[in-house]
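To keep things clear, I will list the structure first and then write my remarks on it.
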Amino acid sequence: MNATTIESVGVTDEGHEQVIFCRDAESGLQAIIALYSTALGPGLGGTRFHPYPSEAAAIKDVLDLSKAMAYKAALAGLDLGGGSAVIVGDSREIKRDALLHAYGRFVQSLSGRYYTACDVGTTCTDMDVIARETSFAAGRSPAYGGAGDSSVLAALGVFRGMQASARHIWGTESLEGKAVGISGVGKVGRQLVALLVQAGAEVSVTDPHLPAVRDLVAAHPTVHVVGAEEGLVACPLDVFAPCALGGALTEKVVDSLNARIVCGAANNQLVHRGIALRMKDRGITYAPDYCVNAGGLIQVSDELQGFSFKRAHERTNRIFDTTLDVLECAARENVTTAFAADRLAEQRMQERRVRGVWTTRTRTGF
């Protein structure tokens, strides 16, 4: 990536406070850090390590992710802002300590406006390496005082959101006997499968990464495997759970869905905002992704206070109530669930925005 501005690659900025392009020739680092809002506190969000096809794709993803993190933190009641980062490349091929050290120095240069953590392509071990260069790395391994893998609480949040959606639609939170289709059985998807199997749901999955599917079926022999997402979407489902990368909910997917509920772990599931209205018109209840997938953020944020799994678990359980509030508000006011969730999050950010932006552990007005 050469010298770049957002406008030069044709990506529209939606009001981010700061976007930083990070390049280190010696290590090969090419990264972008974005801060959408620090109205509620310093931005906290994952670092995604992914082989983006273009610079524009990387910029769009980090802008979308950082905005989603701001809304996620606000709706979860956390005193944190929204930030995110992407490193361009295939983490299985080019990840190395020198690159992570360079990235950590860029994070440190923001003096606490951004706390980084794990996302697709990064692990707790990576955060341990990054933390050698910065005081602002969370999601570290337990050996270094961190909370470790956040997928357990991330999956719990989605599961509780699913139960709230079931209560809203069927009058009971029980998922026993319900047909649930999960697209993507990575770290969070795998944990979600375990919770659903334990709850008595009939689970079907799809994932192009066959080793992950084989491991899952070995652990849960009752799970049904579908060869492709198109096939899963067409199945007679009660609940569809997108748990891979963003943009999973397109016109084609929504028009093919038989499910009454969409509730999954993936970030930024709507390919565009009109998809939420399309689901509403089809009678599909959409549990907004940033509402139900906040468990991982809750866990990582708790680490900043001195991690307590019990406390983080209790906070994640509240996703049930938050989801139910969003769904009931949308039904009462005849708006989409995405609109209802956005408004609740924006109200909280606006109430605190008068205090200014977060800079080096203090707030400064413009």
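Nothing in this text is a laboratory measurement; each read-out follows from the coordinates by a stated rule. As the structure is a computational prediction, the values presented were derived from the model and not from experiment. No Cβ is skipped: glycine too gets one built from the backbone with ideal geometry, and neighbour counts run over all protein chains shown.
The shape of the chain can be summarised by an equivalent ellipsoid whose semi-axes, obtained from the alpha carbon gyration tensor, come to 31, 23, 20 Å from longest to shortest. Were the residues from residue 98 through residue 309 laid out at 0.36 nm apart, the gain over their Cα-Cα distance would be 72.8 nm.
Going down the list 72/310; 178/280; 187/310; 60/310; 72/252; 67/187, which pairs span over 25 Å between their C-alpha atoms?
Working: 72/310 21 Å; 178/280 21 Å; 187/310 21 Å; 60/310 36 Å; 72/252 27 Å; 67/187 23 Å.
Over 25 Å apart, Cα to Cα: 60/310; 72/252.
The Cα-based radius of gyration and maximum Cα-Cα distance (Dmax) for segment 227-267 are 9.4, 24 Å. Expressed per residue, the C-alpha convex hull volume of segment 7-137 stands at 97 Å³.
Between rounded, prolate and oblate, where does segment 102-164 land on the alpha carbon gyration tensor, with a ≥ b ≥ c its root eigenvalues, rounded for a/c under 1.5, else prolate if a/b exceeds b/c? Please list the in-between numbers first.
Details: a/c = 2.80, a/b = 2.02, b/c = 1.39.
Prolate is the answer for segment 102-164, as a/c is 1.5 or above and a/b outweighs b/c.
Histogrammed with a bin width of 10 Å, the alpha carbon distances of segment 151-335 distribute as 10, 40, 37, 12, 1 percent, first bin at zero.
Within segment 235-307, the proportion of Cα pairs with more than 14 Å between them is 60 percent.
Contact order, relative form, for the chain: 17 percent (alpha carbon pairs under 8 Å, 6 or more residues apart, mean separation divided by residue count). Remark: the chain carries a charge dipole of roughly 700 debye about the Cα centre, counting +1 on each Lys and Arg Cβ and -1 on each Asp and Glu Cβ.
Give, in nm to one decimal, the length gained when the segment between residue 26 and residue 173 is fully stretched (0.36 nm per residue of separation minus the Cα-Cα distance). Could you put the intermediate results ahead of the total?
Numbers: separation 147, 0.36 × 147 = 52.92 nm, distance 5.38 nm.
Between residue 26 and residue 173, full extension yields an extra 47.5 nm.
As a proxy for reagent exposure, ranking 290, 52, 114, 144 by other Cβ atoms within 10 Å from fewest up yields 144, 52, 290, 114.
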